[in-house]
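The values are calculated or read from the model by the stated rules, or taken from the named source; none is laboratory data. Since the model is a prediction, treat every value here as computed from it, not as a measurement. Here the Cβ positions follow ideal geometry from the backbone for every residue, glycine too, while neighbour counts run over all protein chains shown. The protein model used for the area step is the full one, side chains on, heavy atoms only, and it has no ligands, DNA or RNA in it. Shrake-Rupley method; radii C 1.70, N 1.55, O 1.52, S 1.80 Å.
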Amino acid sequence: MDDFEAYCEARNRRRTMMVRGFSLLALVSFVFSISSAVVGNLSGLTSQSEQQEQQAQRQQEVTKLRQDHQKKLEEGYLTVLKREPNNLVALDGLAAVRIEAKDWDGAIEPLEKLAKLSPDQSYKVLLENVKKEAKAN
């Protein structure tokens, strides 16, 4: 039971860190958007089409940052799994990253391992749902 408690604690810490990271990213993008809008309106030098173009560019930058962050998370989990193929935290994290990216086929393998290794039945339900999504797409 100690291993499971340690796993749950590590999982909660990792999720907390992910939430903090995404919150910080959202906050930075929000502040950036607000500050550039205020400066643009005060100066009166940017037209509405330029503002829309700048907003679209900022949105693309935020999207790219999120994708880069997810790619780094996935690479980290894969590195851990090379050393410890049955690491529940890394399997869970890899599945979560791939699900968030809507990589349904990629999420199946770690979920299958989790369903076999973990007493938590929710992985089996999640695996079934991911398989359905993979077939639908």
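A few points about this structure:
- The set of residues in segment 117-137 being surrounded by 11 or more Cβ atoms within 10 Å (Cβ to Cβ), of a type outside the set (Asp, Glu) and not in a loop (DSSP other than H, G, I, E, B) consists of Leu117, Tyr123, Lys124, Val125, Leu126, Leu127, Asn129, Val130, Lys131, Lys132, Ala134.
- Residue check for Ser23: over 30 Å from Arg13 (Cβ atoms) and either modelled with pLDDT of 90 or more or in a helix (DSSP H, G or I) (or both): no
- Inside segment 97-116, residues that are open to solvent by 20 Å² or more (accessible area, probe 1.4 Å) and either touching a strand residue (DSSP E or B) at 6+ places or on another chain (Cβ under 7 Å) or assigned to a helix (DSSP H, G or I) (or both) make up a count of 10.
- Filter pass, Thr46 being modelled with pLDDT of 75 or more and out of contact with any strand residue (DSSP E or B) (no Cβ under 9 Å at 6 or more places or on another chain): no
- A Cβ distance below 7 Å, combined with a sequence gap of six or more or placement on separate chains, defines the contacts here; from segment 87-116, residues that are closer than 16 Å to Glu75 by Cα and among the acidic types (Asp, Glu) reach residues that are at pLDDT below 95 and open to solvent by less than 20 Å² (accessible area, probe 1.4 Å) in the pairs Asp92/Leu114.
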